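**Student:** I'd like to ask you about the structure that follows.
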């Protein structure tokens, strides 16, 4: 029981009896009380799941307001539920399949242009390494690989023992006989990625690894059952997307293209030269996703890239906003990019 200020007036009662420890505890700032404290007319609320402060367990709390004869709220009854003790669905959560981008460590992003790709052992032997991965996935039962291009190692999961991952070092990846350590298996019936698509996926990963010396692919994964590709770049940004999206975009999307969806741009202010700016935006975007990100990073640091040197500050600001808006759409829902 709580008073109108959400200070506890009673012991906390559970199946074992009363617990006096929480008596007079102020609960007004706890997650389950915030809605009721904001809205004086709220009479009942069931909280979202939260982690309990004392027992550190996922919980939900039901709050019932107590009113006097005049309808004035004078207190609350709170009932806590441990999520482990509630009925659960028997259906496993299915993760959304749309393209997702997750921004990484801001410290890495801020120092992005002070770093440069260093040729790794895997880079020096990239064709052999990728062919080895292809063989493991098609003929030897590996259904998930995580390739660390910069760290020159891979982590693999096998259908015979999917709960355990195995690490392949640079030396092991350089030795074709490592395939003998994995039993031959027919192509896994749960795989949703056709065997013929594996090589094109790996070739595109290779191209992204060497696409740029500053913004480059650091590691990537392919899951044949889920049909998903993940990409982690040197700016620490990570993409999760369906393998078909990855292949359909092609390298032009990441590195450069001849067209640009200008329909996504907002209207140009009347005091700027619309035709000139649209042409400049299309030319910049035609250089690809990596080049656009580099330009945006430079402008965010108040630098003037050579490609924008002849423009006024309002024109540069307009171009920044237009390119940023398109990249934001792409980051939030890249299916429309």
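**Student:** For residue 207 and residue 172, what is the calculated FRET efficiency with R₀ set at 25 Å and r taken between the beta-carbons, to the nearest 0.05?
**Tutor:** Working: r = 25 Å, r/R0 = 0.98.
Taking R0 as 25 Å, the efficiency between residue 207 and residue 172 is 0.55.
**Student:** Need one number: nm distance between label points at residue 278 and residue 320, each 7 Å from Cα along Cα→Cβ, rounded to one decimal.
**Tutor:** 2.4 nm
**Student:** Would you work out if region 172-251 is rounded, prolate or oblate? Take a ≥ b ≥ c from the square roots of the eigenvalues of the alpha-carbon gyration tensor; rounded if a/c is under 1.5, else prolate when a/b is larger than b/c, oblate otherwise.
**Tutor:** oblate
**Student:** Provide 139, 68 in ascending order of the number of other Cβ atoms located within 10 Å of each residue's Cβ, fewest first.
**Tutor:** 68, 139
**Student:** Quick check on region 100-253: what are the equivalent-ellipsoid semi-axes from the Cα gyration tensor, as sqrt(5λ), descending, whole Å?
**Tutor:** 26, 18, 14
**Student:** Among 165-175, 221-231, how do they line up from the highest to the lowest mean number of other beta-carbon atoms within 10 Å?
**Tutor:** Packing order, densest peptide first, comes out as 221-231, 165-175.
**Student:** Taking 0.36 nm per intervening residue step and subtracting the Cα-Cα distance, what contour gain separates residue 184 from residue 29 on full extension?
**Tutor:** Taking 0.36 nm per residue and subtracting the Cα distance, the gain is 50.0 nm.
**Student:** Additional query: Is the shape of region 1-63 best called rounded, prolate or oblate, per the rule: a/c under 1.5 gives rounded, else a/b larger than b/c gives prolate, else oblate, with a ≥ b ≥ c the square roots of the Cα gyration tensor eigenvalues?
**Tutor:** Oblate shape, in that a/c is at least 1.5 and b/c is the bigger or equal ratio.
**Student:** In which sequence would 82, 212, 45 go, from the one with the fewest C-beta neighbours within 10 Å to the one with the most?
**Tutor:** 82, 45, 212
**Student:** Using a Förster distance of 22 Å, how high is the FRET efficiency between residue 214 and residue 302, based on the Cβ-Cβ distance and rounded to 0.05?
**Tutor:** 0.75
A short reminder: the numbers here are calculations on the coordinates, not readings from a lab. Keep in mind it's a predicted model, so treat the numbers as computed, not measured. Heads up, the Cβs are rebuilt from the backbone with ideal geometry, glycines too, and the neighbour counts pull from every protein chain shown.
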